[in-house]
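The structure appears right after this line, and notes come after that.
The values are calculated or read from the model by the stated rules, or taken from the named source; none is laboratory data. All values derive from a computational prediction rather than experimental measurement. So basically every Cβ, Gly included, is an ideal-geometry build from the backbone, and we count neighbours across all protein chains shown.
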Amino acid sequence: MKALILVDIQNDFLPGGALAVPFGNEILPVVNTIQNKFDLVVASQDWHPEDHASFASNYKNKVPFDVISLGETQQVLWPDHCIQGSDGAAFSKDLKTENISAIFRKGMNKNIDSYSAFFDNDYSQHTGLEAYLKSMDITDVYVCGLAADYCVYFTAKDAKQTGFNTYYITDATRYIDEDSFKSALKDLKENGVHLVTSVEI
Ligand code: VGL
Ligand code: ZN
């Protein structure tokens, strides 16, 4: 059984949004068209409180894209984005949502970021996505959405790690930073994640 995970296709990650991913809107026709090839479609939603530790605005003398140490992890600081209940946190109106059977929200703990749709960045909390997919007899997971080098990357990595045959759909995602995207692709390949295009599904 095959599942599609739509990662963070939210207004703030689209052109005009607070943390716009360049050309992010180009994935919309692709992610809408492929949904009917899957037994199950789920989505994740970045869902931060205003005082979230990943926001540069919550520190003195920090600006977006600075990097700090947060607990054991290196944390990129972001512009305020995907505030719980805001329009920026809503799914794009151009995303086909009627097939989505469950939505997994992440990044609610103000002290830790959560790029993956499965776990917080320190792996101390899970979202319930793994158990849900396994309860639905899913064996193969396909990952798409925004952004390619952050939440889509970490979601694919964790999907593989938790035992799913994992596919990263290269034409159904866009990146924030080219260098981090290149190293993400290299790491995914080394970890056995398959890179595919939407026409190969
Ligand atoms: C994301 C940065 C911060 C993403 C979320 O969805 O890729 N990136 N929060
Ligand atoms: Zn975020």
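Figures for the structure shown
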read-out: Some residue of the range 165-185 being touching a Cys at 6+ places or on another chain (Cβ under 7 Å) and either hydrophobic (A, V, I, L, M, F, W, C) or not in a strand (DSSP E or B) (or both); value: yes
read-out: Members of the range 97-118 that are within 17 Å of Tyr150 (Cβ to Cβ) and of a type in the set (Ser, Thr, Tyr); value: Ser114, Tyr115, Ser116
read-out: Where a residue in the range 178-201 is over 14 Å from Lys160 (Cβ atoms) and its partner, wherever it lies, is of a type in the set (S, T, N, Q) and in a helix (DSSP H, G or I), with Cβ under 8 Å and at least six apart; value: Ser198/Thr33
read-out: Tally of residues being within 15 Å of ligand 1 (Cβ to nearest atom) and either under 25 Å from Thr139 (Cβ atoms) or among the aromatic types (Phe, Trp, Tyr) (or both) across the range 18-41; value: 3
read-out: Residue check, Ser44 among the hydroxyl-bearing types (Ser, Thr, Tyr), modelled with pLDDT of 95 or more and under 17 Å from Asp177 (Cβ atoms); value: no
read-out: Condition broken by Asp80, with the remaining ones in (1) within 16 Å of ligand 1 (Cβ to nearest atom); (2) under 18 Å from the mean Cα position of the chain (by Cα); (3) not in a loop (DSSP other than H, G, I, E, B) satisfied; value: (3)
read-out: Matching residues in the range 1-31 - criterion: being under 11 Å from Gly145 (Cα atoms) and part of a helix (DSSP H, G or I); value: Phe13, Gly24, Asn25, Glu26, Ile27, Leu28, Val30, Val31
read-out: Answer from Lys189, Lys110, Lys96, Lys157 - the residue that is among the basic types (Lys, Arg) and in contact with a His (Cβ under 8 Å, 6 or more places away or on another chain); value: Lys110
read-out: Candidate set from the range 164-173 (those that are more than 11 Å from the chain's Cα centre (by Cα) and not aromatic (Phe, Trp, Tyr)); member that is nearest to Asp8 (Cα to Cα); value: Ala172
read-out: Single match in Tyr132, Tyr153 (criterion: within 22 Å of Gln35 (Cβ to Cβ), aromatic (Phe, Trp, Tyr), at pLDDT 95 or above and out of contact with any Leu (no Cβ under 8 Å at 6 or more places or on another chain)); value: Tyr132
read-out: Single residue of the range 115-163 satisfying the filter (outside any strand (DSSP E or B), in contact (Cβ under 8 Å) with a residue 40 or more places away in the chain and more than 14 Å from the chain's Cα centre (by Cα)) that is farthest from ligand 1 (Cβ to nearest atom); value: Asp137
read-out: In the range 47-77, the residues that are part of a loop (DSSP other than H, G, I, E, B) and among the polar types (S, T, N, Q); value: Ser54, Asn61
read-out: Single residue of the range 1-20 satisfying the filter (closer than 16 Å to Tyr153 by Cβ and among the aliphatic types (A, V, I, L, M)) that is surrounded by the fewest Cβ atoms within 10 Å (Cβ to Cβ); value: Leu19
